[in-house]
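S.K.: I'd like to ask you about the structure that follows.
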Amino acid sequence: MKNNSASDKTNEFEILLTLSNAIAGARQRADLWEIVTEQLLEKFGARYYTICLINEDALTHTPFLYSAEKKIRSVTGINPVLHEQHPIKDGLFDHAIATGEPVIFDMQSLIKRKDIPPYIIHWYNSSVKELMMIRICNGKEPKGVLYLYSVQVNSFSKHQSGLLKGIANQLGTGISNILANEKIERQLKEISKYKTKLEQENSYLKEEWIKERHLLGNVIGNSAAMKEVYDFVSKVAASDTTVLISGETGTGKEIIAHQVHNLSPRRNKLMIKVNCAAIPANLVESELFGHEKGSFTGATEKRNGKFELANNSTLFLDEVGELPLEVQAKLLRALQEKEIERIGGQSVIKVNVRIIAATNKNLEEEVAAGRFRSDLYYRLNVFPISLPPLRERKEDIPELVSFFINQYSTNTGRKISGIAPKVLKKLMSYSWPGNIRELEHLIERTVLLSTTPEITDVSLPGRNRFLSGVAGTEMQVLSLEDVEREYILKVIKLSKGRISGPNGAAAKLQLPSTTLISKMQKLGIRKEHFIARNDGNE
Ligand SMILES: Nc1ncnc2c1ncn2[C@@H]1O[C@H](COP(=O)(O)OP(=O)(O)OP(=O)(O)O)[C@@H](O)[C@H]1O
């Protein structure tokens, strides 16, 4: 294509038309790659090509489309398509942009120039003899440069200028369309990721909503101890006061937290729960305060924390005693300042959150042991509500039992009408270390296993720890070991968990503390037995 006769002109026009149509139809990079590789190169006698585009910084350019790297034969083995940012002012790229006309270089002489860009050296080492460059514009805006490489000398000619300029213009429009498509695809992907995240969040909220509705009105118990709790709940609910609910495991701390929230002006929004013990220590902070994308390894997405989710609502911090000390400091700050900062975030976010915290630990002891910040303890302990263990409100057992029988027989479709009085007596004589949760699970199991309309037996845990003084005629016979164990536990609790010293359990039992400790080991009494049941009165 070196002459410029009339028939060549017609030919050029046809080529331009064909290529323009093909380029206009390209939707993706792969389409354009095929057109350039299969239709354009040959027309110009080129073996390889690169299309380099100006980056957003307007200072550098990067390869956008290029010959299949496997096909390039380089004597050094180095691929000349360098996937990096090259300065626009590299003496060639800027020259092509500035002239707007095709520029042709003989590689032999080009290589002798000072400060030639590294990619030129590599193309030279790939047996390239000639280079032709043309600016690519979208309308008037320069987008990049098309580099055509020939492995023969005198392949390119100035006569090809008109055709090449026409094609470069078409390429400019085609590339802009492809970039716009890629941007839309990226955005769609983002939207779909965001949608999945929202769906997950939504299903969490729905679950909590169902739970909350279910819990409303289902707080059972009319004992004096529970009436006192309800009284506290009704007094504190309407305010924004921080509530600290304490009690052994399974005493209903969460159900009471829901009650406080549901009686508060914030009830139209969901109470958000964080179980501080269930989340690995290194993730609690992000769970509470959220994080920015890339703020730590694994933070691939920006995430809002539960504090933000609970804005204008209630945040329930379950098992607050398990919070690592450094997160305690951040929680304190959030409570004091009423603002939070996402991990890796640059700004603070104002939040209006009512806090309800719960713990089955004795937080005063945790403070004394240096495991819980005293300033945070005082911040949380504004309005304490202590839930009694089930063994201290045994009069609630019959009502709870019939409530759970009802609930589980409805759920499982079994027709269980009630429980035999002797079985109820057995339940009332048990000490319920797992409290209402333990009772609930036992009834659930029993309902499933029951073959009669009335429950005639229950299977309590192996070493049944029955209480003395049970009303009724049956006397539960305990092993001596069980009695000893119960008694020692009782004395230790009476001594506020102290074993040795003048007010310790050993002194009260008139035993050397070493003897008491070895007895405790023999009987399997561990610290959590008397610390968890901090106010037991068995
Ligand atoms: N007064 C109650 N009436 C009816 N069900 C109750 C009552 N108290 C607790 N429950 C039920 O007992 C189970 C345990 O209650 P909850 O989770 O509120 O206890 P918790 O004190 O928060 O326990 P943990 O400290 O182990 O988290 C739940 O299924 C709850 O519905």
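S.K.: Evaluate the following for V284: is it in a strand (DSSP E or B), of a type in the set (V, I, T), touching a residue at least 12 places away in the same chain (Cβ under 8 Å) and in the same structural domain as V229 (by TED's automatic domain parsing)?
M.R.: So V284 fails the test.
S.K.: Let me ask something else. Of all residues in region 212-231, how many are in a helix (DSSP H, G or I), modelled with pLDDT under 90 and more than 9 Å from the ligand (Cβ to nearest atom)?
M.R.: Qualifying residue count, region 212-231: 2.
S.K.: Additional query: Examine region 359-373 for a residue that is touching a helix residue (DSSP H, G or I) at 6+ places or on another chain (Cβ under 7 Å), within 20 Å of G290 (Cβ to Cβ) and in the same structural domain as K302 (by TED's automatic domain parsing), and state whether such a residue exists.
M.R.: Checking region 359-373: not a single residue is touching a helix residue (DSSP H, G or I) at 6+ places or on another chain (Cβ under 7 Å), within 20 Å of G290 (Cβ to Cβ) and in the same structural domain as K302 (by TED's automatic domain parsing).
S.K.: Among the residues of region 82-101, are any more than 21 Å from A22 (Cβ to Cβ), among the aromatic types (F, W, Y) and under 47 Å from the mean Cα position of the chain (by Cα)?
M.R.: Yes: one or more hits.
S.K.: Is at least one residue of region 33-51 touching a Pro at 6+ places or on another chain (Cβ under 8 Å) and either assigned to a loop (DSSP other than H, G, I, E, B) or over 26 Å from V151 (Cα atoms) (or both)?
M.R.: no
S.K.: Would a scan of region 396-405 turn up a residue that is over 18 Å from E228 (Cα atoms), in contact with an Asp or Glu (Cβ under 6 Å, 6 or more places away or on another chain) and surrounded by fewer than 22 Cβ atoms within 10 Å (Cβ to Cβ)?
M.R.: The answer is yes; a qualifying residue exists.
S.K.: Let me ask something additional. Which of the residues that make up region 379-398 are in a loop (DSSP other than H, G, I, E, B) and of a type in the set (V, I, T)?
M.R.: Once the filter is applied, which keeps residues that are in a loop (DSSP other than H, G, I, E, B) and of a type in the set (V, I, T), region 379-398 yields only V382.
S.K.: Tell me, which helices (runs of 4 or more DSSP H) lie completely within region 470-538 with 2 or more residues that are of a type in the set (S, T, N, Q) and either within 26 Å of L424 (Cα to Cα) or at pLDDT below 85 (or both)?
M.R.: 513-523
S.K.: Among the residues of region 427-455, write down those that are away from the ligand (no atom under 16 Å from the Cβ) and either in contact (Cβ under 8 Å) with a residue 40 or more places away in the chain or of a type in the set (D, E) (or both).
M.R.: M428, S429, S431, L448, E454, I455, listed by residue number.
S.K.: Would you be able to say whether some residue in region 91-103 is within 16 Å of P63 (Cβ to Cβ), surrounded by 15 or more Cβ atoms within 10 Å (Cβ to Cβ) and touching a helix residue (DSSP H, G or I) at 6+ places or on another chain (Cβ under 9 Å)?
M.R.: Checked against the condition, which is being within 16 Å of P63 (Cβ to Cβ), surrounded by 15 or more Cβ atoms within 10 Å (Cβ to Cβ) and touching a helix residue (DSSP H, G or I) at 6+ places or on another chain (Cβ under 9 Å), region 91-103 yields at least one hit.
S.K.: Go through region 439-454 and give me each residue that's assigned to a helix (DSSP H, G or I) and more than 16 Å from E399 (Cβ to Cβ).
M.R.: H441, E444, R445, T446, V447, L448, L449
S.K.: Only one of these is outside any helix (DSSP H, G or I), in contact (Cβ under 8 Å) with a residue 60 or more places away in the chain, closer than 20 Å to E287 by Cβ and of a type outside the set (A, V, I, L, M, F, W, C): K269, K273. Name it.
M.R.: K273
S.K.: Considering each of K273, K253, K227 in turn, give the residue that is loosely packed, with under 13 Cβ neighbours inside 10 Å and of a type in the set (D, E, K, R).
M.R.: Result: K227 is the single residue among K273, K253, K227 that is loosely packed, with under 13 Cβ neighbours inside 10 Å and of a type in the set (D, E, K, R).
S.K.: Next question. Write out, first by first residue and then by second, each pair whose Cβ atoms fall under 8 Å of each other, whose residues are 6+ apart or on separate chains, and whose first residue, in region 50-65, is more than 15 Å from W123 (Cβ to Cβ) while the second is surrounded by 14 or more Cβ atoms within 10 Å (Cβ to Cβ) and of a type in the set (K, R).
M.R.: Note: pairs meeting the criteria are L53/K143; I54/K143; F64/R29; L65/R29.
Here's the yes/no breakdown for (1) assigned by TED's automatic domain parsing to the domain that holds K129; (2) at pLDDT below 90; (3) more than 25 Å from Y119 (Cα to Cα):
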site	(1), (2), (3)
H159	yes, yes, yes
G166	yes, no, yes
N177	yes, no, yes
A180	yes, no, yes
K193	no, yes, yes
E201	no, yes, yes
K206	no, yes, yes
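S.K.: Filtering region 321-374 down to residues that are among the hydrophobic types (A, V, I, L, M, F, W, C) and assigned to a loop (DSSP other than H, G, I, E, B), which residue is farthest from the ligand (Cβ to nearest atom)?
M.R.: V348
The values are calculated or read from the model by the stated rules, or taken from the named source; none is laboratory data. Predicted, not measured: the structure shown is a model, and the values here were computed from it. Cβ: placed from backbone, ideal geometry, glycine included. Neighbour counts: every protein chain shown.
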